[in-house]
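Just below is one structure, and these are the notes that go with it.
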């Protein structure tokens with residue numbers, strides 16, 4: 001039978017970590033967690049669940065810590081999860097069958113997982129949020145993260161297949177949680193814009209404050225039928241567009257501080 005490593009990067013996930021690890025109980029042969037300076041009970045709870053915890057700094061691009069966890073995996077198969085995700089029974093049994101049958105899909109290096117995203121009380125069905133595929137299951141040594149962005153796809157050496165079942169993503173159980181992550185992500189995006197030398201001027205202001213928000217809203221709510229999800233779909237489309245505006249305004253604020261510091 002093949003061995004499975006489950007790997008995570010965490011930061012203050014005491015509300016989620018037990019539920020996540022319970023979903024892979026009996027399936028994982030080892031659980032490796034790289035924790036970025038949690039100040040809550042994440043580390044204690046993870047250790048009680050049998051995980052091996054490696055403590056490090058909390059990085060803005062948490063994919064760096066994800067890759068650190070991936071590098072520690074010893075299993076033949078590796079499943080990379082976030083603490084606010086669980087796997088459903090169908091995906092559980094799909095991975096179990098892979099473990100039991102080493103020759104099954106042995107030409108596949110990694111698998112796309114379908115993901116259901118929880119937002120404002122429902123799992124979003126449209127707006128580009130389902131099936132929201134991500135590569136999270138792979139044969140050890142066959143995949144890695146570029147570690148350049150928080151929204152990126154694993155680089156895979158070989159063929160990628162499709163797994164049965166789903167990840168259930170409870171990333172935003174409340175709107176307050178969404179706003180907290182929205183704030184963190186827009187700060188990261190502002191830093192990326194600064195690295196790309198995006199200037200504060202009338203052309204970029206029209207682009208980031210008007211055009212990109214409108215185009216994003218139109219794509220999510222109308223083109224990808226986010227309206228099917230009702231009010232949650234509308235709110236998701238609006239705030240997805242506002243990511244561009246808020247990131248640009250934060251860049252503007254960063255530029256002003258830099259200019260004041262130079263005086």
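Condition (residue is outside the structural domain of residue 187 (by TED's automatic domain parsing), assigned to a loop (DSSP other than H, G, I, E, B) and closer than 26 Å to residue 180 by Cβ) applied to the stretch 2-12: is it met by at least one residue? Checked the stretch 2-12: at least one residue is outside the structural domain of residue 187 (by TED's automatic domain parsing), assigned to a loop (DSSP other than H, G, I, E, B) and closer than 26 Å to residue 180 by Cβ.
Per-residue answers, yes or no, for (1) touching a helix residue (DSSP H, G or I) at 6+ places or on another chain (Cβ under 9 Å); (2) within 30 Å of residue 259 (Cα to Cα); (3) touching a residue at least 60 places away in the same chain (Cβ under 8 Å):
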| residue | (1), (2), (3) |
| --- | --- |
| 158 | no, no, no |
| 195 | no, yes, no |
| 200 | yes, yes, no |
| 212 | yes, yes, no |
| 227 | yes, no, yes |
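Can you confirm whether residue 246 is in contact with a strand residue (DSSP E or B) (Cβ under 6 Å, 6 or more places away or on another chain) and crowded, with 17+ Cβ neighbours inside 10 Å? Spelling it out, it is not the case that residue 246 is in contact with a strand residue (DSSP E or B) (Cβ under 6 Å, 6 or more places away or on another chain) and crowded, with 17+ Cβ neighbours inside 10 Å. Output the residue which, of all residues in the stretch 90-112 that are outside any strand (DSSP E or B) and within 20 Å of the chain's Cα centre (by Cα), is surrounded by the most Cβ atoms within 10 Å (Cβ to Cβ). Going through the qualifying residues, I end up with 91. Taking residue 208, is it assigned by TED's automatic domain parsing to the domain that holds residue 257 and under 17 Å from residue 119 (Cβ atoms)? So residue 208 fails the test.
Got at least one residue in the stretch 181-190 being outside any helix (DSSP H, G or I) and modelled with pLDDT under 95? No, the stretch 181-190 contains no residue that is outside any helix (DSSP H, G or I) and modelled with pLDDT under 95.
When the stretch 148-176 is limited to residues that are out of contact with any strand residue (DSSP E or B) (no Cβ under 9 Å at 6 or more places or on another chain) and part of a loop (DSSP other than H, G, I, E, B), the one that is surrounded by the most Cβ atoms within 10 Å (Cβ to Cβ) turns out to be 150. For residue 240, the requirement of being part of a helix (DSSP H, G or I), surrounded by 14 or more Cβ atoms within 10 Å (Cβ to Cβ) and over 20 Å from the mean Cα position of the chain (by Cα) is not met. Given the options 18, 43, name the one that is out of contact with any strand residue (DSSP E or B) (no Cβ under 9 Å at 6 or more places or on another chain) and either free of Cβ contacts under 8 Å to residues at least 60 places away in the same chain or surrounded by 15 or more Cβ atoms within 10 Å (Cβ to Cβ) (or both). Sole residue among the options that is out of contact with any strand residue (DSSP E or B) (no Cβ under 9 Å at 6 or more places or on another chain) and either free of Cβ contacts under 8 Å to residues at least 60 places away in the same chain or surrounded by 15 or more Cβ atoms within 10 Å (Cβ to Cβ) (or both): 18.
Exactly one residue out of 234, 218 is more than 18 Å from residue 186 (Cα to Cα), free of Cβ contacts under 8 Å to residues at least 12 places away in the same chain, within 24 Å of the chain's Cα centre (by Cα) and in a helix (DSSP H, G or I), and it is 218. The residue list 125, 115 contains one member that is in contact (Cβ under 8 Å) with a residue 24 or more places away in the chain, within 13 Å of the chain's Cα centre (by Cα) and either under 30 Å from residue 225 (Cβ atoms) or outside the structural domain of residue 9 (by TED's automatic domain parsing) (or both), which is 115. Got at least one residue in the stretch 146-162 being modelled with pLDDT of 95 or more and under 26 Å from residue 15 (Cα atoms)? No, every residue in the stretch 146-162 fails to be modelled with pLDDT of 95 or more and under 26 Å from residue 15 (Cα atoms).
The values are calculated or read from the model by the stated rules, or taken from the named source; none is laboratory data. Everything quoted here is computed from the prediction, not taken from an experiment. All Cβ positions, even for glycine, are placed from backbone atoms using ideal geometry, and neighbour counts span all protein chains on display.
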